[in-house]
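Below you'll find the structure, written out as structure tokens, and then a few comments.
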Amino acid sequence: MNSFEPGSFSDVFNTPIGNAVWEFLHRETSFACLETTTYLKRPALEGLQPHLLSEFGDEVRADRVKQMTGRMVRQLMESRGYQLDQTDVGIRVGDLYKTAARYRKTSRPDE
């Protein structure tokens, strides 16, 4: 598991939920959800919302936790060969996030 670079979110990351969310995102099932939602050209976090709520309950609804989770997802996606496509994309389903970032797979020169 890569280490998270929390930047301005070190206050939230250095709490039990911060570390738990980082570990949760590294589960293969969580990444599969992020990747599938991205494949469908939707914000990565859109499909993960019900799983985050199921795992962490209302604690994950705090603005700083949601923002930190977005930063975590970006670092995770970029480490797995995705790049930021667009920020502030509206979420169609779920009620945890209103907007989130969309990613796309980085194409290699030989493709």
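Quick notes on this structure:
- Restricting the range 6-64 to trypsin sites (Lys or Arg not before Pro) that sit in a DSSP loop and have at most 15 other Cβ atoms within 10 Å of their own Cβ leaves Arg27, Lys41.
- The chain, relative contact order in percent, only Cα pairs under 8 angstrom and at least six apart counted: 28 percent
- Relative frequency of Cα-Cα separations exceeding 18 Å in the range 65-111, percent: 35 percent
- Each Lys or Arg adds one and each Asp or Glu takes one away; over the other residues whose Cβ falls under 11 Å from the Cβ of Thr38, this sums to +3.
- Whole-number D in µm² s⁻¹ for the chain, Kirkwood Cα-pair radius fed into Stokes-Einstein, 20 °C, 1.002 mPa s: 152 µm²/s
- Of Arg92, Arg80, Arg74, the sequence from fewest to most neighbouring Cβ atoms within 10 angstrom is Arg92, Arg80, Arg74.
- The Cβ shell under 12 Å around Gly7 holds other residues with a net charge of 0, Lys and Arg each +1, Asp and Glu each -1.
- All aspartates and glutamates inside 13 Å of Lys105 as judged from Cα atoms, apart from same-chain residues fewer than 8 positions distant: Glu35, Glu78, Asp85
Any read-out appearing in this document is the output of simple, stated calculations on the displayed coordinates, not a laboratory observation. The structure presented is a predicted model; accordingly, all values stated were derived computationally and were not measured. A quick note on method: Cβ atoms are made from the backbone with ideal geometry, for glycine too, and the neighbour counts reach across all protein chains shown.
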